[in-house]
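Asker: If you scroll down you'll find the structure; I have some questions about it.
The values are calculated or read from the model by the stated rules, or taken from the named source; none is laboratory data. As the structure is a prediction and not an experimental result, all values here were calculated from the model. As a convention, Cβ positions derive from the backbone with ideal geometry for all residues, glycine included, and neighbour counts pool all protein chains shown. The area values use the complete protein model at the heavy-atom level, side chains included, leaving out ligands, DNA and RNA. Shrake-Rupley method; radii C 1.70, N 1.55, O 1.52, S 1.80 Å.
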Amino acid sequence: MVTLEQFRYLPTHAVRPPACYNFHYAEPGMVAIFGDNGSGKSTLAQLMAGWYPDFLPGEIEGTGILLGNPIGQLSLVEQSSTIQLVQQSPYLQLSGCTFSVEEEVAFGPENLCLTETEIMKRIDEALTFTECQPLRFRHPGTLSGGETQRVVIASALAMQPKILILDEAFSRLTAQATVMLLERLQQWAQEQHALVVLFERNPSPFLRYCQQAWQLRDGALSPLC
Ligand SMILES: Nc1ncnc2c1ncn2[C@@H]1O[C@H](COP(=O)(O)OP(=O)(O)OP(=O)(O)O)[C@@H](O)[C@H]1O
C-alpha cells in the first residue's frame, strides 16, 4: 500500500539535510512509526498522506508510491477518498462550516456524492465506532479537546479510507479511550483491508497493537520489530 525507496523530500528553504526514507508495507493492519520531537514524524505523515506538493512545497527524489500512485501525481482532493490523515491538533481539522457533529462527519462523504442513505450509514457507524453518538447534535465548537479528537477520527473513518494515518491523534484522549480505539482500529483495518499508520513519540501503549514498527531517528527509519 505504501512504498518509499531511497525517498527524499527536499523542502523549499530546508534548514537541514533531507531525510532518506525506506519503507514498505502492503498488508492490511496497523503499523507504527515512533520518533522524538522534531524527528520529522509529521512531515513523513504528510508525505504518506499525499500532501506533496499541494501543502509540502519543494522537491522529491527516489520512489514514493501510495496505493499504486506515485507521490505527487494525484491532488489532495483526488486522494481524500482513499487516504486520510488525522493530526495532533483536532481544532485545526474541523471544517469550521458545520453546526453539529453529525454535519461535521457528513462533510467528507457528502463531497463524494454518495446517496443520502449511504451517508447516514457512514455517519452512524463512525459515531458508534468512536463513542460519539451522544455528541451527535452538539456544535463542534463546544466540544472538549478529547471529544473533538474523537469527532475528527470519526470524520476520517466516514470516508472509508484504504490508508488511515494517525499523527499523535490520541494526544488528548484518556488511556482508556486510546486503548478502546486502538482495539477497534486494529479490527477495522482487517475488515476493511486498510492500513492504519500510527505516528507516535512513545511505543507504549501503541506497540502491542501493531504488526510492525519503525523508529525515525537522524532522518532514517529503522525497524523496531
Ligand atoms: N525530510 C525532511 N527534510 C528536511 N527537513 C525536514 C524533513 N522532515 C522534517 N523536516 C523539518 O524538521 C522539523 C521537524 O519536523 P516535524 O514537525 O515533521 O517533526 P515531528 O517529529 O512531527 O515533531 P513534533 O513531535 O515536535 O511535532 C521541521 O522544521 C521540518 O520542516
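Asker: At a 1.4 Å probe radius, carbon and sulfur cover how many percent of the accessible area of the chain?
Answerer: The C+S portion of the solvent-accessible surface of the chain is 52 percent.
Asker: R0 = 35 Å: FRET efficiency of residue 177 with residue 10, Cβ-based, nearest 0.05?
Answerer: E between residue 177 and residue 10, to the nearest 0.05, is 0.35.
Asker: Tell me the label-point distance for the pair residue 217, residue 36, using the 7 Å Cα-to-Cβ offset, in nm and rounded to one decimal.
Answerer: 0.9
Asker: I'd like the Kirkwood hydrodynamic radius of the stretch 58-98, using the inverse of the mean 1/r over distinct C-alpha pairs, in Å.
Answerer: About 12.6 Å for the stretch 58-98.
Asker: Hey, can you rank 117-128, 83-94 by average C-beta count inside 10 Å, highest first?
Answerer: 83-94, 117-128
Asker: Just order 100-106, 58-64 by mean Cβ neighbour count inside 10 Å, highest at the front, would you?
Answerer: 100-106, 58-64
Asker: Quick check on the stretch 87-160: what are the equivalent-ellipsoid semi-axes from the Cα gyration tensor, as sqrt(5λ), descending, whole Å?
Answerer: That gives 18, 12, 11 Å for the three semi-axes.
Asker: Still on this structure: Leaving out ligands and nucleic acids, note down the accessible area per residue over the chain with a 1.4 angstrom probe, in whole Å².
Answerer: 47
Asker: Right, here's the next one. Using Cα centres only, tell me the gap between the stretch 157-182 and the stretch 120-147 in whole Å.
Answerer: The stretch 157-182 and the stretch 120-147 have Cα centres separated by 14 Å.
Asker: Which value, in debye to the nearest 20, gives the size of the charge dipole of the chain about its Cα centre, when Lys and Arg are +1 and Asp and Glu are -1 at the Cβ?
Answerer: Roughly 500 debye, rounded to the nearest 20.
Asker: Along the stretch 102-108, what does the Karplus equation 6.51 cos²θ - 1.76 cosθ + 1.60 (θ = phi - 60°) give for ³J(HN,Hα), rounded to whole Hz, x for Gly and Pro?
Answerer: Whole-Hz 3J(HN,Hα) from phi for the stretch 102-108: 4, 5, 4, 6, 6, 3, x.
Asker: Give me the compactness ratio for the stretch 96-225, meaning the Cα radius of gyration over 2.2 N^0.38 Å.
Answerer: Compactness ratio reported: 1.11.
Asker: Binning at 10 Å from 0, report for the chain what percent of all alpha-carbon pair distances ends up in each bin.
Answerer: It works out to 8, 34, 37, 18, 3, in whole percents.
Asker: Have a look at the DSSP beta bridges in the chain and tell me what percent are antiparallel, nearest 5.
Answerer: 50
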